[in-house]
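Remarks on the structure that follows.
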Amino acid sequence: MKTFFSWLSKPYYFNPNLNFKFRFSFYFSLFVFLFLYIFRPFYLSLFDVIILEYTIGIGLIAFLGTFFMLYVPPLFFKEYFNEDNWTVGRSLFLVIIGVLFIGTLLWYFGEMYKEPFQLRKLSLIEYLTYSLLVTSLPMSLYTFYNERIVSEKRQKRISQIRNYRKQQQDQKKEILTTKIKLYSDNKKEFISFDINNLVYITSQGNYASFFIKKDNSEDLKEEILRVTLSKIDAALENYNTIIRCHKSYIVNTKFMYDIAGNARGYLLKSKLISFEIPVSRKFNKNSLLSLLN
């Protein structure tokens with residue numbers, strides 16, 4: 001039981017991409033339509049005349065219901081659907097709610113055909129119970145195997161990052177300059193600093209805030225530039241102590257001394273700042289330790 005609850009709390013990837021949600025809804029509804037049209041389980045063999053119309057209707061409802069569950073709730077519950085906080089348990093809970101929602105729509109759709117074809121009528125509760133029983137096992141297995149695949153991809157990505165940085169370090173013949181000059185998106189402003197004094201960078205809307213250690217002091221000064229973290233990360237990619245640890249943070253690992261948190265979310269500690277910097281779930285603890293070292 002303890003192992004099961006541990007599995008439910010494991011990090012799981014929630015894809016926020018609209019194109020992914022549309023494609024997933026489409027292929028899922030296409031599978032439902034083809035399965036019902038070809039194999040005609042339960043009472044569908046009685047629908048010879050209108051089987052195409054009926055199964056297309058079910059497929060369309062499955063598409064709309066699935067897309068609605070993937071798209072609408074995240075708009076209103078942004079913190080709950082934050083990809084950094086998403087777990088296996090939350091994913092299964094979303095599946096259960098989705099099954100109940102789509103099952104309710106399908107029940108009302110099926111009611112239109114019960115009387116003309118003299119089919120056995122099921123109450124909404126009975127229909128939803130059967131729906132959960134039929135879908136719970138395959139969806140749990142899908143989540144289990146998908147979580148393993150996502151974990152393997154995450155580990156592979158971490159290995160690629162480490163290998164890439166090592167190759168860059170090994171192949172770099174010239175000595176990198178420590179004096180950095182970064183321009184804004186409009187190329188009109190710039191800031192310059194010594195890479196050895198850069199502690200961390202964070203995004204502030206359309207701007208990036210650079211926190212730089214003052215010479216011979218433990219104090220930090222903040223400089224702001226209108227530029228994206230992606231451009232900064234690309235400009236500093238040859239410096240192996242600079243990593244983008246989170247969508248909103250770039251850090252200099254030479255100033256990070258410890259790791260806090262657990263598998264649900266790690267945090268980097270620095271003696272120069274009063275708070276802990278969040279870390280993306282693509283990093284596990286071992287990979288973080290190797291990057292810090």
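The values are calculated or read from the model by the stated rules, or taken from the named source; none is laboratory data. Keep in mind that what you see is a predicted model, and the values were worked out from it rather than measured. So basically every Cβ, Gly included, is an ideal-geometry build from the backbone, and we count neighbours across all protein chains shown.
Computed quantities for the displayed model
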quantity	calculated
First in segment 121-144 and under 14 Å from Leu100 (Cβ atoms) and outside the structural domain of Ile102 (by TED's automatic domain parsing), second anywhere and polar (S, T, N, Q) and part of a helix (DSSP H, G or I), Cβ under 7 Å, 6 or more apart	none
Among residues of segment 248-258, those that are in contact (Cβ under 8 Å) with a residue 40 or more places away in the chain and either closer than 11 Å to Pro278 by Cα or part of a strand (DSSP E or B) (or both), counted	5
Among the candidates Thr66, Thr87, residue that is assigned by TED's automatic domain parsing to the domain that holds Trp7, at pLDDT below 90 and under 15 Å from Phe14 (Cα atoms)	Thr87
Residue match in segment 51-64 (condition: in contact with an Asp or Glu (Cβ under 8 Å, 6 or more places away or on another chain) and more than 26 Å from Thr129 (Cβ to Cβ))	no
Test set (1) closer than 30 Å to Leu8 by Cα; (2) in contact (Cβ under 8 Å) with a residue 24 or more places away in the chain; (3) not β-branched (Val, Ile, Thr); (4) not in a strand (DSSP E or B) - Cys245 fails condition number	(4)
Top-ranked residue of segment 249-293 - restricted to ones that are touching a Ser or Thr at 6+ places or on another chain (Cβ under 7 Å) and hydroxyl-bearing (Ser, Thr, Tyr), ranked as modelled with the lowest pLDDT	Tyr257
Candidate set from segment 221-276 (those that are under 30 Å from Ser6 (Cα atoms) and acidic (Asp, Glu)); member that is surrounded by the fewest Cβ atoms within 10 Å (Cβ to Cβ)	Asp258
Those residues of segment 29-74 which are hydrophobic (A, V, I, L, M, F, W, C), farther than 18 Å from Tyr108 by Cα and not in a helix (DSSP H, G or I), in sequence order	Val49
Residues satisfying the stated conditions in segment 47-63, i.e. of a type outside the set (Val, Ile, Thr), under 13 Å from Phe33 (Cβ atoms) and either surrounded by fewer than 18 Cβ atoms within 10 Å (Cβ to Cβ) or touching a strand residue (DSSP E or B) at 6+ places or on another chain (Cβ under 6 Å) (or both)	Leu52, Glu53, Gly57, Leu60
Condition met for Val72 (surrounded by 13 or more Cβ atoms within 10 Å (Cβ to Cβ) and either aliphatic (A, V, I, L, M) or at positive phi (or both))	no
Residues that are out of contact with any Leu (no Cβ under 8 Å at 6 or more places or on another chain) and either surrounded by fewer than 16 Cβ atoms within 10 Å (Cβ to Cβ) or assigned to a loop (DSSP other than H, G, I, E, B) (or both), drawn from segment 277-293	Ser280, Arg281, Lys282, Asn284, Lys285, Asn286, Leu289, Ser290, Asn293
Meets criteria (surrounded by fewer than 14 Cβ atoms within 10 Å (Cβ to Cβ), aliphatic (A, V, I, L, M) and modelled with pLDDT under 75) for Ile149	no
Within segment 11-33, considering residues that are surrounded by 16 or more Cβ atoms within 10 Å (Cβ to Cβ) and under 19 Å from Gly265 (Cα atoms), the one farthest from the chain's Cα centre (by Cα)	Pro11
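Yes/no per residue for (1) among the charged types (D, E, K, R); (2) out of contact with any helix residue (DSSP H, G or I) (no Cβ under 8 Å at 6 or more places or on another chain):
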{"residue": "Thr3", "(1), (2)": "no, yes"}
{"residue": "Leu8", "(1), (2)": "no, no"}
{"residue": "Phe24", "(1), (2)": "no, no"}
{"residue": "Phe31", "(1), (2)": "no, yes"}
{"residue": "Leu52", "(1), (2)": "no, no"}
{"residue": "Leu60", "(1), (2)": "no, no"}
{"residue": "Phe67", "(1), (2)": "no, no"}
{"residue": "Tyr71", "(1), (2)": "no, no"}
{"residue": "Arg90", "(1), (2)": "yes, yes"}
